[in-house]
Structure formats: structure tokens, C-alpha cells
Amino acid sequence: MPFLITAVVFVGLLCAVDLVLTLGVVKRLREHSGLLSAMERASGLGVGETVGGFRTTDVDGAPLSRDTLGAATFVAFISPTCGSCKEKLPELVRYAHRLRDVGEEMLAVVVGDTEESRSFAADLRPVARVAVEGSGGPLGAAFRASSYPTMLWVAPDADGRLVRVARSAALAS
């Protein structure tokens, strides 16, 4: 009988410790979900928000501003220092091919050192308009892109302002 009482007490204590640890994990998950949501909101424009002003050039030397973007443009901010960007680059190139084939535009903004960015720009240049800039450049500031990859669609609204639109940026093959 003493063995049974000891076993029940031990299992009870084990369950109590498990419950405390589970509650701790749930609390941490809620904190991380909040941080991720805040980071998602902080990176990129929200739907309906206006793109800030910018004037720069693309890799071909052509002027690039809000006025030079087409009716609907897919904009992708990527960085050669981002592991996820390196993985998604081939898929992004395929997506740019599909956009070009249906007559839509893509602006790829490669953020990083010019030397590091060269291969990314070379892969995207045949199928998209490409700009290379350092961190905190004019395009990143105008689109509020602070993490990579950031992908969104923009188009002029009824008043002619360039805004983010609710359109899928899925890169499914």
C-alpha cells in the first residue's frame, strides 16, 4: 500500500510540473505571436496605404519613381544576406516570367552591397525591372520594407495615388 500511495503522489507531482511547463510554453507562444504580428505590420505598407515618394534609377540607368510604375506592379524586396530570399529566388524568377507572359510588371528591389547583389540582379533582370540599393534606401523607405523578403502589389487608386492593393503575392509554382 505505501508503494501505491508513493506512486500516486509521484504521478500527481509529475502532472503538476507538466501543467506549469505547458502554461509557460503557451505564454511564450502568445508573446512571440504578438511580436511576429507587430513585425509583420512594421514591414511593408498596409492595404490601401499610399507609397511614399521616391526618385532613383534601376540597374539599366532608367529613372524610377511612383509615376514610372505601371497600372499594377508586383514589388519584391529581397536581400542576398537573407537565407529565405536565397531559397525563394528561383521561385521569384519563375513568378516574374509568368507575370511578364501575361503583361504584368514586376519591380525587384535587391537590398544590400552592390557586389553581393550582383547575382540576384542578374537572375531577375531578364524578367523584371531591377533596382539595387543599400539598407534604408529610397525604395525601402517609400514602401516601408524593413525585413526581407517583402512582397506586395501596388496600383494607382481612383485619385491616382500609388497604393498597396489586396492582391495575392503567392509564388506557387
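Laboratory data are not the source of any read-out in this text; all were calculated from the coordinates shown. This is a predicted model, so every value here is computed, not measured. With ideal geometry, Cβ positions are generated from the backbone for all residues, glycine too; neighbour counts draw on all protein chains shown.
Relative to the longest principal axis of the Cα atoms of the chain, the long axis of helix 2-42 lies at roughly 20 degrees. DSSP bridge analysis restricted to region 55-165 gives an antiparallel fraction near 50%, rounded to the nearest 5.
Label-to-label distance, Ala166 versus Arg30, with points set 7 angstrom from Cα along the beta-carbon direction: 2.9 nm. Among Leu152, Leu21, Leu107, which one moves the most in a GNM of the chain with springs linking Cα atoms closer than 10 Å? Of Leu152, Leu21, Leu107, the most mobile in the Gaussian network model is Leu21.
For the chain, a Gaussian network of Cα nodes joined below 10 Å ranks Val20, Val130, Val110 by mean-square fluctuation, and the top entry is Val20. Axis angle, to the nearest 10 degrees, between helix 114-124 and the longest C-alpha principal axis of the chain: 80 degrees. Exposure here means at most 16 other Cβ atoms within 10 Å; with trypsin sites (Lys or Arg not before Pro) in a DSSP loop as sites, the longest stretch of the chain lacking them is 1-160. Extension gain for Arg100 to Glu87 (0.36 nm times residue separation, less C-alpha to C-alpha distance): 2.5 nm. Taking all Cα-Cα distances within the chain, those exceeding 19 Å account for 62%. Would you please give the FRET efficiency between Thr50 and Arg125, computed as 1/(1 + (r/R0)^6) with r the Cβ-Cβ distance and R0 = 25 Å, to the nearest 0.05? Calculated transfer efficiency: 0.35. Taking the chain as a Gaussian network of alpha-carbon nodes connected by springs under 10 Å, the highest mean-square fluctuation of the residues Ala71, Ala155, Ala141 belongs to Ala71.
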